[in-house]
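Each remark here refers to the structure printed beneath this line.
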Amino acid sequence: MASSGKSSKSRQSPSVPDPIVSGEDVASAEIKKRRWLSMGTVTTVLFLGTMGGMAVLVARSVPELRTRSEYQFPLAEMQFTPPHEWMPQTILQEVLANSGLPETVSLLDPQICKQVAGAWERHPWVKRVISVKISATPALVVELEYRRPAAFIRVVDGFYPVDEEGVLLPPRDFATTLTDRLPQIRNISTIPQGSAGTTWGDPIVTAAVKLAMTLAPQQDMNRYWSKFQFQAILAPVGQRAATEEPIFELETAGGNRIVWGKAPGADALEPAIDVKLARLAEYQTRFGSLDGVSGKNRIDIRLFDGISLQPLSEIQYR
């Protein structure tokens, strides 16, 4: 450690003292100072005034870009995710007809992407608007996720299509000839609580749709539904406690009743889905079909030790 051979004063930067001036010099310096300040103030005012005037002139001379023709875009030409085979191919026209937007918009409008997204979100076939972008073309490009039908609910007057979440789809978009392409659900005592695009509002419908998706995964009817010749999912009839999970049955082409039990995932005490399907396959192999045993029967596949068979004539159904 170096020793300090100098005094503390030598380590300090000495402050520079003011020069000694005479009275006349002070007065002369003060006059010069005021002149420079006055000139600086005038110069600053002139500069700011000039800049302000230039800004006004520039603002007046620059056109409103949003109204220029190269930024105008017809909404009927927007690009969007192609609709799947269940949907109407006129979905864009339907969205625009109910959007409240003009036929042509400016791509420089900061709200246009938000407004277009809102118009698509209101359509009952649209599950989610993923993005709305303006491409370099330029054009509006919309990426969408659509709803897909999972089942048809049979009512007195016809059928209602619902998606995998129990959301009602527009019945007008389905011909009656299409109702055999998805599982049918019967014995639903409620009606939709809202318009197309909203949930049915009945937990039994939600549970029945889960079973429909199990028996026709990704709309594949051949996987299980057609293989076992199912005709309908039968919801329970009659009163039940609000907290009680519904017990579903499956009706076969020959009129047999398969007691499936609760919806998938509703009860861990019942045999797993794979076990139930394996029992159905075993029964079909043994008797040729689920209707192979003479007469109409109630086949219960919920038991842990096998399958029970009981003639329907011995059971009183409502």
*Determine ³J(HN,Hα), in whole Hz, for all residues of region 132-146 in sequence, where each value follows from phi through the Karplus function 6.51 cos²θ - 1.76 cosθ + 1.60 and θ = phi - 60°; x replaces Gly and Pro.*
10, 10, 9, 7, 6, 4, x, 6, 8, 10, 10, 9, 10, 10, 9
*Does a label point 7 Å from the Cα of residue 76, set along Cα-to-beta-carbon, have any residues of region 137-159 with amide nitrogen under 17 Å, and which are they?*
140
_Net lengthening on full extension, residue 137/residue 220 (0.36 nm per residue, minus Cα-Cα)_ = 25.9 nm
*Could you size up the charge dipole of region 248-293 around its Cα centre, putting +1 on the beta carbon of Lys and Arg and -1 on that of Asp and Glu, and report it in debye to the nearest 20?*
80 debye
*Give, rounded to the nearest 20 debye, the magnitude of the charge dipole that region 149-314 has about its Cα centre when Lys and Arg contribute +1 at Cβ and Asp and Glu contribute -1 at Cβ.*
320 debye
*Unit charges on C-beta of K, R, D, E only; dipole of region 67-146, Debye*: 220 debye
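Only the coordinates and a few stated rules stand behind these numbers; no lab work does. For clarity, every value in this text was computed on a predicted model and none was experimentally measured. Note that each Cβ is placed from the backbone with ideal geometry, even for glycine, and that neighbours are counted across all protein chains shown.
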